[in-house]
Amino acid sequence: MKILYIEDNLGSIHVMRTIAQMVGCTLDVAQSASEGLRMLDSTYHLLLLDIGLPDADGLSLPAHIGIQYPQLPIIALTAHLMPDDRERCLRAGCSAYISKPFSFQEMLHLLQRYQSTLS
C-alpha cells in the first residue's frame with residue numbers, strides 16, 4: 001500500500017515511517033500542504049493529513065482533493081481535541097479522524113485495516 005503523509009512535525013513523521021515499515025507500506029512525506037498537493041497522484045491508496053499545517057487550513061484540503069481523487073481515503077490527524085473536531089473532519093471530506101498524539105497500536109491497526117481492503 002502506498003501512503004502520502006502530509007505532516008510538518010518531524011517526530012510524527014519518524015513514528016509514522018516506523019509504523020508504515022512494520023506493515024510493509026510505502027510512505028511518502030510532504031511537509032506542507034502545497035508540497036503534498038504537488039506530490040499527490042492516483043498511485044496513492046491512502047492520505048494521512050495533518051490538519052494543523054503551516055501553509056493551509058487542513059480542513060480545506062479534503063474537499064479539494066476529493067474532486068480529483070474521489071476514491072482516496074483521507075485520514076485527518078490533529079492535536080485539536082475539541083468535541084466537534086471529529087464531525088468537522090468528516091463533514092470536510094475525511095474518511096476518519098485520529099487525534100494526536102496517536103498510539104502506536106492505533107495507527108498500526110488503522111494501516112492494517114486499510115491494507116486489507118486492497119487485497
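The values are calculated or read from the model by the stated rules, or taken from the named source; none is laboratory data. Just so we're clear, the structure is a prediction, and the values are computed from it rather than from any experiment. Every residue, glycine as well, gets a Cβ built from its backbone with ideal geometry; the counts of neighbours run over all protein chains shown.
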Looking at the structure I just gave you, is LEU81 over 15 Å from ILE3 (Cα atoms), part of a loop (DSSP other than H, G, I, E, B) and modelled with pLDDT under 90?
yes
Reported set for the range 97-114 where residues are under 16 Å from LEU4 (Cα atoms) and surrounded by fewer than 17 Cβ atoms within 10 Å (Cβ to Cβ) is LEU108, GLN112
Anything in the range 43-56 that is modelled with pLDDT under 95 and either among the β-branched types (Val, Ile, Thr) or more than 13 Å from ASP8 (Cα to Cα) (or both)? List them, or say none.
ILE51
Tell me which of these PHE102 doesn't satisfy, since it passes every other one: (1) modelled with pLDDT of 90 or more; (2) within 17 Å of ARG113 (Cβ to Cβ).
(1)
Quickly run through the range 84-119 and pick out the residues that are assigned to a loop (DSSP other than H, G, I, E, B) and free of Cβ contacts under 8 Å to residues at least 12 places away in the same chain.
ASP84, SER103, SER119
Scan the range 8-33 and report the pairs whose first residue is among the polar types (S, T, N, Q) and whose second residue is surrounded by fewer than 17 Cβ atoms within 10 Å (Cβ to Cβ) and in a loop (DSSP other than H, G, I, E, B), with Cβ atoms within less than 6 Å and a gap of 6+ or a chain change.
SER32/ASP55
Scan ALA79, ALA33 and give me the residue that is of a type in the set (Gly, Ala, Ser), touching a Ser or Thr at 6+ places or on another chain (Cβ under 8 Å) and under 17 Å from SER12 (Cβ atoms).
ALA79
Name, by its number, the condition in (1) within 16 Å of TYR5 (Cα to Cα); (2) surrounded by 13 or more Cβ atoms within 10 Å (Cβ to Cβ); (3) without any contact (Cβ under 8 Å) to a residue 60 or more places away in the chain; (4) among the basic types (Lys, Arg) that does not hold for ARG38.
(2)
Identify all residues within the range 45-82 that are among the charged types (D, E, K, R) and either touching a Lys or Arg at 6+ places or on another chain (Cβ under 8 Å) or under 27 Å from SER116 (Cβ atoms) (or both); write none if there are none.
ASP50
The correct count of residues that are in contact (Cβ under 8 Å) with a residue 24 or more places away in the chain and either on the phi > 0 side of the Ramachandran plot or not hydroxyl-bearing (Ser, Thr, Tyr) (or both) in the range 41-61 is 14
As an exercise: evaluate THR43 against (1) assigned to a loop (DSSP other than H, G, I, E, B); (2) of a type in the set (Ser, Thr, Tyr); (3) touching a helix residue (DSSP H, G or I) at 6+ places or on another chain (Cβ under 7 Å) and give the number of the one condition it does not meet.
(3)
